[in-house]
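A short worksheet on the structure shown next.
The values are calculated or read from the model by the stated rules, or taken from the named source; none is laboratory data. Keep in mind that what you see is a predicted model, and the values were worked out from it rather than measured. When we count neighbours, we look across all protein chains shown, and the Cβ atoms used for this are built from the backbone with ideal geometry, even at glycine.
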Amino acid sequence: MLFNFRNVRILVIKMAIRRTLFSFLLLLSAVARADDYHCGGCNVVFLNLDFLRSDYIGLISNSSLTPKIDQFFKNSIVFENAYATAGSTYRGNLSTFTAKDPHFYAIDVDSYSSLRQKKSLGVWNKVFTQYPSIAEQLFESGYNTISLQKGKRSGHYTQLDRGFAEYVDYPFKTLIADIFGDAKERLIKAESPWFLHVHAIPTRLHSAYFPVGRQRFLHDDIIYKPYRMKKMDYGYIVRADYHSGRKATRLAEHRIYRQQLRYADDALYEIFEYLQEIQSNTIIVFFSTHATQIGDNGIFASNGTGHEMNIRVPLFIKHPKVQKPLHIKTPVSMLDLVPTIMAFLNIPWTSGDGISLVPVLKGNAYKRDYIWGNNDKDDFLIKGDWKLLRWSDYERKLVLINNPIQKDEYKKNRQHARYIEFFEQPGIIETRQIVSSPWRLEINELRENRLYNLKDDPLETHNIAADHPSIVKELSDILDQHKDHAKREILQLTN
């Protein structure tokens, strides 16, 4: 039998075509499959912009203020109902980055600030460092870890500089555009794999920082105060005019917020442009650890509450294997962000209370029956359409033990009272007495339950707790379980 070269050539061509077709189908499958999120060795970026509200971000609202953010994360994983674990920076960041129940970090802001001024958090250092952060885990896994940090209630102030090989703290008045520009320059020089965390603040409390030379929104109820850095005109401190009345102040706050959000969106362009070039091996996460109130629900504190406007936050993940929009409507907790990223990277995460959201991305049910969080003066728990907002306030009395008059000295010795409460005998705030000779500190908790049906009342305008006592009790019991568990853990750790 003669060897037929023509037939062999045809066979080789057919095999090559089949291999090419098979490779193409594999590639198409990898792109289209909704269950393949593994990205071992990928770089990771955390763009953490505090005070961002979901109702102001175009991808998950009707807002037109964030065109660059919307475009960049268009073909990404978009969580439409992500909930912060807390309404304050230090507790929200600690909880998010360690995937730990926020009740565990329940030292209130005033006491935390008081202790930090003493340049020591005392036994609370043990609490803050008990659970590893994502940076520590990635550093141990061979990642080049970089943190660019702005804010006095995050970063090294809460021991969250641990795990970073490179850590930068910016002056508080540094403009976010400069931080993003610095981030880009550092990434260009960084060796892969790397983890970059950028914590920036577009607006805070009742003031914001805005660049000179950029068009401002001028209004009678808005005050611009220029400031200099490095002997140069640098920016404006922007505030609402508090003498204009509550209604006018609220409108001014929202005008400032819209201006700052537009500025933040423009400022992100430079780093977005660079990340676009390296997105084939980079997971890019855009989120906020809490939002802001700015006059809504009658509350002018910028954060620190469990209201929807303050805890519903954007969470977008640009993943190399996600080539089309994947919108997740299921409410999820920011407690689960870090375990999800670690699952993408095939790195085990076994500490804390978070769970991976990969099953949700695959279309499976969320493994939580409820979402919860904790602030200085409230706890919140969401189960189905129901939301319990459990407000707490505290009366404190400080007396000299051997003084028969038992005069209240709390106002005169407030800082020392907080020192006693959280430095010498840490624990979650509740009705109790603490003896620290020669003082006795008495703490009485005042509690109010507020129940909302988020389906019928998404703006939380009608408290219906009195109409549904059984639901209030059910949700409150769950919160008490979390609170009690955290208290036992803290006391065991610090005694």
Inset, instruction - Consider Thr289 carefully, then state whether it is at pLDDT 95 or above and of a type in the set (Ser, Thr, Tyr). - result: no
Legend entry - Residues of the range 71-107 satisfying the condition of being out of contact with any helix residue (DSSP H, G or I) (no Cβ under 8 Å at 6 or more places or on another chain) and modelled with pLDDT under 95: Thr89
Inset, instruction - Note down all Cβ pairs under 9 Å where the first residue falls in the range 358-372 and is within 21 Å of Leu389 (Cβ to Cβ), the second is acidic (Asp, Glu), and they're at least six residues apart or on different chains. - result: Arg368/Asp336; Trp372/Asp101; Trp372/Asp379
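Does His243 satisfy being under 17 Å from Phe51 (Cβ atoms), in a helix (DSSP H, G or I) and at pLDDT below 95?
Criteria not met by His243.
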Inset, instruction - Mind listing whichever residues of the range 354-363 are out of contact with any Lys or Arg (no Cβ under 6 Å at 6 or more places or on another chain) and either part of a loop (DSSP other than H, G, I, E, B) or closer than 13 Å to Ile77 by Cβ (or both)? - result: Gly354, Ser356, Leu357, Val358, Val360, Leu361, Lys362, Gly363
Legend entry - Single residue of Leu251, Leu275 found to be under 29 Å from the mean Cα position of the chain (by Cα) and modelled with pLDDT of 95 or more: Leu275
Legend entry - Residue among Thr292, Thr305 that is part of a loop (DSSP other than H, G, I, E, B), touching a Phe, Trp or Tyr at 6+ places or on another chain (Cβ under 8 Å) and touching a residue at least 60 places away in the same chain (Cβ under 8 Å): Thr292
Inset, instruction - Check whether at least one residue in the range 108-131 is in contact (Cβ under 8 Å) with a residue 60 or more places away in the chain, closer than 26 Å to Asn413 by Cα, touching a strand residue (DSSP E or B) at 6+ places or on another chain (Cβ under 7 Å) and not assigned by TED's automatic domain parsing to the domain that holds Ile490, and report yes or no. - result: no
Inset, instruction - For the range 309-337, enumerate the residues that are part of a helix (DSSP H, G or I), at pLDDT 95 or above and either not hydrophobic (A, V, I, L, M, F, W, C) or not assigned by TED's automatic domain parsing to the domain that holds Asn93 (or both). - result: Asp336
Legend entry - Options Tyr242, Tyr257, Tyr234; residue that is surrounded by 14 or more Cβ atoms within 10 Å (Cβ to Cβ), in contact with a helix residue (DSSP H, G or I) (Cβ under 8 Å, 6 or more places away or on another chain), farther than 25 Å from Glu80 by Cβ and not hydrophobic (A, V, I, L, M, F, W, C): Tyr242
Inset, instruction - Being within 21 Å of Arg91 (Cα to Cα) and at pLDDT 95 or above is the filter; apply it to the range 369-386 and report the residue that is surrounded by the fewest Cβ atoms within 10 Å (Cβ to Cβ). - result: Tyr370
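Which fully enclosed strands (runs of 3 or more DSSP E) of the range 164-211 have 3 or more residues being closer than 10 Å to Leu148 by Cβ and without any contact (Cβ under 8 Å) to a residue 40 or more places away in the chain?
On the way: elements: 166-169, 194-200, 207-211.
Output list reads 166-169.
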Inset, instruction - Give just the number: which of (1) at pLDDT 95 or above; (2) surrounded by fewer than 22 Cβ atoms within 10 Å (Cβ to Cβ); (3) more than 17 Å from Ile57 (Cβ to Cβ) does Thr282 not satisfy? - result: (2)
Inset, instruction - Please identify the pairs in which a residue from the range 312-335 that is in contact (Cβ under 8 Å) with a residue 60 or more places away in the chain and farther than 20 Å from Thr289 by Cα has its Cβ atom under 6 Å from the Cβ atom of a residue that is among the hydroxyl-bearing types (Ser, Thr, Tyr) and surrounded by fewer than 19 Cβ atoms within 10 Å (Cβ to Cβ), counting only partners at least 6 apart or on another chain. - result: Pro320/Ser280
Inset, instruction - Considering each of Leu459, Leu479 in turn, give the residue that is touching a residue at least 60 places away in the same chain (Cβ under 8 Å), out of contact with any Pro (no Cβ under 9 Å at 6 or more places or on another chain), assigned to a loop (DSSP other than H, G, I, E, B) and within 25 Å of Thr330 (Cα to Cα). - result: Leu459
Legend entry - Verdict on Arg432 being touching a strand residue (DSSP E or B) at 6+ places or on another chain (Cβ under 8 Å) and modelled with pLDDT under 90: yes
Legend entry - Sole exception among (1) farther than 16 Å from Ala486 by Cβ; (2) buried (at least 24 other Cβ atoms within 10 Å of the Cβ) for Asp70, by number: (2)
Inset, instruction - Would you be able to say whether some residue in the range 77-90 is in a helix (DSSP H, G or I), touching a residue at least 12 places away in the same chain (Cβ under 8 Å) and within 30 Å of Ala267 (Cα to Cα)? - result: yes
Legend entry - Residue check, Lys329 of a type outside the set (A, V, I, L, M), surrounded by 16 or more Cβ atoms within 10 Å (Cβ to Cβ) and over 26 Å from Arg153 (Cα atoms): no
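Return a yes/no flag: does the range 435-448 have any residue that is touching a residue at least 24 places away in the same chain (Cβ under 8 Å), over 28 Å from Tyr105 (Cβ atoms) and more than 25 Å from the chain's Cα centre (by Cα).
Checking the range 435-448: at least one residue is touching a residue at least 24 places away in the same chain (Cβ under 8 Å), over 28 Å from Tyr105 (Cβ atoms) and more than 25 Å from the chain's Cα centre (by Cα).
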